[in-house]
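> Sharing a structure with you now.
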Amino acid sequence: MKLQKASRYALYAVLHLASEPEKQFSTAEVAESYGVSIHHLAKVMRTLVRSGLIESVRGVGGGYRFSGNVRRTTLWDIIHEFESLESDIDTPDELQGNAIVVVSGLDTVMNEIDGLNRSTLDSITLKTLLRYGVENLDKAP
Amino acid sequence: MKRKKTATNVHVAEAADIHAVVALDAAITGTDKAAYWNDIFERFAGSNQRRKRYFLVAKSGDNELLGFIVGEIRAWEFGSPPCGWVLALSVSPDQRQQGIGTLLFEALCARMKHDGATTIRTMVLVNDKTNLSFFRGEGLAAGPYIELERRLD
């Protein structure tokens, strides 16, 4: 599984904001923290505002802040705003004979993998992920 | 509307708790399983209880059932060394987000650790977001086993 750039940027942004929900961050601050394109991130931020995951704050010191619930919002809640994570094995339009059996079998396996991916991402809340990060840092030599 | 409980006690289930356990499970799952829970009580906390089986309840100060957890340390099934299993965990829907599930889970972990378990695991429906998120939040992650099944018809 490889996440699209928009999904990765959205995860960075929402998690960054959720790590300090009382603070506001500008797009430039988030982009600089993760070394990503500010232009691309700005588009992602607009989608996140529309989804209700973050909100924009106007005025001096304005920016964005997290507006969800870290104990309820999951990684999948963010990702599915940008992609469905359905495997595409690029099946030819017209199949015959054994090719139908082969493609059908591959579809079954891919559907199983897709379902597990989505379920895993939908079981990890932002709070849990942020805790994983702290625990990993604590274990680092 | 959540009613904040001032005190929560966790203790081994007693026969008098099972009626409330049956009612809570039925309210959550939509299926009344009185015979099942009475059997579980007998084997995990009642007269037929064996060692390393646990049936704990969380109750409010006024003796209301808030939740329950059932677990067992099992050895060598699926080739696994001794390991604690969470077999059931339920918290009353109007008492969630108050740490009751964590209280029950930690109480079970403490008993299992005392009895020699070094790992705890459970099995959760793939679309059961509530329980999956809860156990993830308690630090559980995918382990070395994968559940496989097929229909027999």
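> May I ask you to derive the relative contact order of chain B, considering only C-alpha pairs under 8 Å and at least 6 residues apart, and to give it as an integer percent?
Over chain B, the number comes to 20 percent.
> Moving on. Using the Cα centre as the reference, give the magnitude of the dipole from point charges on the C-beta atoms of the protein assembly as shown (Lys, Arg: +1; Asp, Glu: -1; all else neutral), rounded to the nearest 20 debye.
Once rounded to the nearest 20, the dipole reads 1120 debye.
> Please compute the Cα-Cα pair-distance distribution of the protein assembly as shown with 10 Å bins starting at 0, giving whole percents from short to long.
Spelled out bin by bin, the protein assembly as shown gives 5, 21, 26, 23, 17, 7, 1 percent.
> Summing -39500 (n - 2.57) over the DSSP H runs of n ≥ 4 in chain B and dividing by its residue number, what mean residue ellipticity at 222 nm do you reach, to the nearest 500 deg cm²/dmol? Before the final figure, lay out each step's value.
Numbers: 4 runs with 47 residues, N = 153.
After summing the helix terms and dividing by the residues of chain B, the value is -9500 deg cm²/dmol.
> Then there's this: Which trypsin sites (Lys or Arg not before Pro) from segment B:51-128 combine a DSSP loop assignment with at most 14 other Cβ atoms within 10 Å? Intermediate values should be presented prior to the final figure.
Numbers: sites: B:51, B:52, B:53, B:59, B:74, B:96, B:111, B:113, B:121; in loops: B:51, B:52, B:96.
The qualifying sites are B:51.
> I would also like to ask the following. Just need the relative contact order of segment A:5-139 here, percent rounded to a whole number, with Cα pairs under 8 Å and 6+ apart.
Normalised by residue count, the contact order of segment A:5-139 is 27 percent.
> Another question, if that's okay. For segment A:13-115, which trypsin sites (Lys or Arg not before Pro) pass both filters: DSSP loop (anything but H, G, I, E, B) and at most 15 other C-beta atoms within 10 Å? Intermediate results must be reported in sequence, preceding the final value.
On the way: sites: A:23, A:43, A:46, A:50, A:58, A:65, A:71, A:72; in loops: A:23, A:58, A:71, A:72.
The qualifying sites are A:23, A:58, A:71, A:72.
> Any idea which of B:63, B:83, B:30 is furthest toward the positive side of the dipole for segment B:8-137, if Lys and Arg beta-carbons carry +1 and Asp and Glu beta-carbons -1?
Towards the positive end, the residue furthest out is B:83.
> Any chance you could give the angle, 0 to 90 degrees and rounded to 10, that helix B:100-114 forms with the longest Cα principal axis of chain B?
50 degrees
> Angle between the Cα long axis of helix B:18-29 and the longest principal axis of chain B, 0 to 90 degrees, nearest 10?
Compared with the principal axis, the helix lies near 70 degrees.
> Taking Cα centroids, how far is segment A:124-141 from segment B:96-153 in Å?
After rounding, the separation between the Cα centres reads 19 Å.
> Could I ask something else about it? Once the Cα atoms of segment A:48-141 are picked out, what are the Rg and Dmax in Å?
Expressed in Å, the Cα Rg and Dmax of segment A:48-141 come to 19.9, 67.
> Still on this structure, please answer the following. For segment B:50-137, state which chymotrypsin sites (Phe, Trp or Tyr not before Pro) are in a DSSP loop and have at most 12 other beta carbons lying within 10 Å of their beta carbon.
Loop-located and lightly packed - B:76.
> Assuming a strict under-19 Å limit between Cα atoms, what lysine pair count do you get for the protein assembly as shown once near-sequence pairs (fewer than 8 apart, same chain) are dropped?
Total qualifying Lys-Lys pairs in the protein assembly as shown comes to 8.
> Quick one: helix A:126-139 against the long Cα principal axis of chain A, what's the angle to the nearest 10°, folded into 0 to 90?
Compared with the principal axis, the helix lies near 80 degrees.
> Okay, next question. Provide the convex hull volume over Cα atoms per residue for segment B:8-137, in Å³.
In segment B:8-137, the Cα hull volume divided by residue count equals 117 Å³.
Every number here is computed from the coordinates shown, using simple stated rules; none is lab data. These figures come from a predicted structure and were not determined experimentally. FYI the Cβ positions are ideal-geometry reconstructions off the backbone, even for glycines, and counts take in every protein chain you see.
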